[in-house]
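Peer 1: Mind looking over this structure? Questions follow.
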Amino acid sequence: MFGSIMGYLSKDLGIDLGTANTLIFAKGQGVVVNEPSVVAINNRNGQILAVGHEAKAMLGKTPPSVTVSRPLQRGIIADFEVTEKMLRYFFEKLHRETTAFIPRPRIIIGVPLDVTEVERKAVGDAALSAGAREVHLIEEPMASAIGAGMPISDPVGNMIIDVGGGTTEIAVISLNGVVTAKSITIAGDEMNRNITQYAREVFNLLLGERVAEDIKIEVGSAAELEEKIETSMRGRDLLSGLPREITVNDEQIREAMARSVRSIVEHVKSILEITPPELVADIYKRGIILTGGSAMLRGIDRAISQGTGLPVRITDDPLMSVVRGTGTLLEDLKLLHDVELPLQEVMR
């Protein structure tokens, strides 16, 4: 009975705990948190200085007494303690803004396809330590497909590609289950590294992580654009050691990221090759759905379509697909029971 009172006083939350961004859906409110998965910590006392956008602005600009950490790498927890602190910060922030005074939410968290039992437990433990009352885990492509409105319960093939920050998840879903799937560590962060490497090799210019990401957003593309676009690239000249600025265009940045885009296309083709023919026929008719923050890269849908010969569509607001899916599951407990990972309900 006490548990039911706790549930009444707390919010139910759906969480997309991503490498690049953490998004939280509150039952009855929609998406209430959309912040970078970045935490700034004071090394002297272990206290959190900033979380999210404020912490990301500090990347590469801190004194030795401050560490800016990205606690999730390639979709899994790399730093348990910092992840716990980040989640606790978000939970407390949400409950400070409402009349609920016992921040003990029931939560649903999306996790990558190929997480191990140990990694699943780490996610559940981090959420419980941060103040969750009950934790359910769901595979991110499944949550993303639900968030994109795909008929996952029907006996038809649904192919979804979730291109995030740390991983790209490729899955074929039918009858509430993943039939064939693959998770690869080639996604938005790898494309940023491609740009950094290209700048070093071609222009002898050393770029920061945030600069590379900004360039990708401003002029990055996976397929040829109708109109040429340009932007400034600023960094440190490797020969003189002094600051230098050059102008780059979409063609150069596309060349820098081409290897990663080709790799994603090849992995999509490899999944299609092992998918049952009846489901492939459905996918040929229905097409492929793209979700995830990096699905907003210009022309990535055309690049995948040209590589596979299949129609490809980017869902509306692709960054929100996973968290919208977890929000749907908060309302549909039967569907949650059908699709959650085979991990017992985690209760404190």
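Peer 1: At 7 Å along the Cα-to-beta-carbon direction for both K334 and R313, put a label point, then send me their distance in nm to one decimal.
Peer 2: Inter-label distance under the simple model: 2.6 nm.
Peer 1: Which entries of K27/K93; K182/K269; K11/K93; K182/K216; K56/K228 show an alpha-carbon separation above 18 angstrom in the structure shown?
Peer 2: Correct reply: K182/K216; K56/K228.
Peer 1: I'd like the antiparallel share, as a percent to the nearest 5, of DSSP beta bridges with both residues in the chain.
Peer 2: Bridges in the chain are about 70 percent antiparallel.
Peer 1: Let me ask something additional. Where does the chain land at 222 nm, in deg cm²/dmol rounded to the nearest 500, when only DSSP H runs of n ≥ 4 count, each adding -39500 (n - 2.57), divided by all residues?
Peer 2: For the chain, the value works out to -12000 deg cm²/dmol.
Peer 1: Computed from these coordinates, which is Kirkwood radius over Cα pairs in Å: [x] 20.2; [y] 25.6; [z] 21.1?
Peer 2: Checking each listed value against the structure points to [z].
Peer 1: Still on this structure, I have one more. Could you give the nm distance between label points at K285 and S263, where each point is 7 Å from its Cα heading toward the beta carbon?
Peer 2: 3.6 nm
Peer 1: In nm, to one decimal, how far is the F80 label point from the S129 one, both placed 7 Å along Cα→Cβ?
Peer 2: Placing both labels 7 Å beyond Cα along the Cβ direction yields 0.5 nm.
Each reported figure results from applying straightforward, stated rules to the coordinates on display, with no laboratory input. This structure is a prediction, so every number in the text was calculated from the model and none was measured. All Cβ positions, glycine included, derive from the backbone under ideal geometry; neighbour counts span all protein chains shown.
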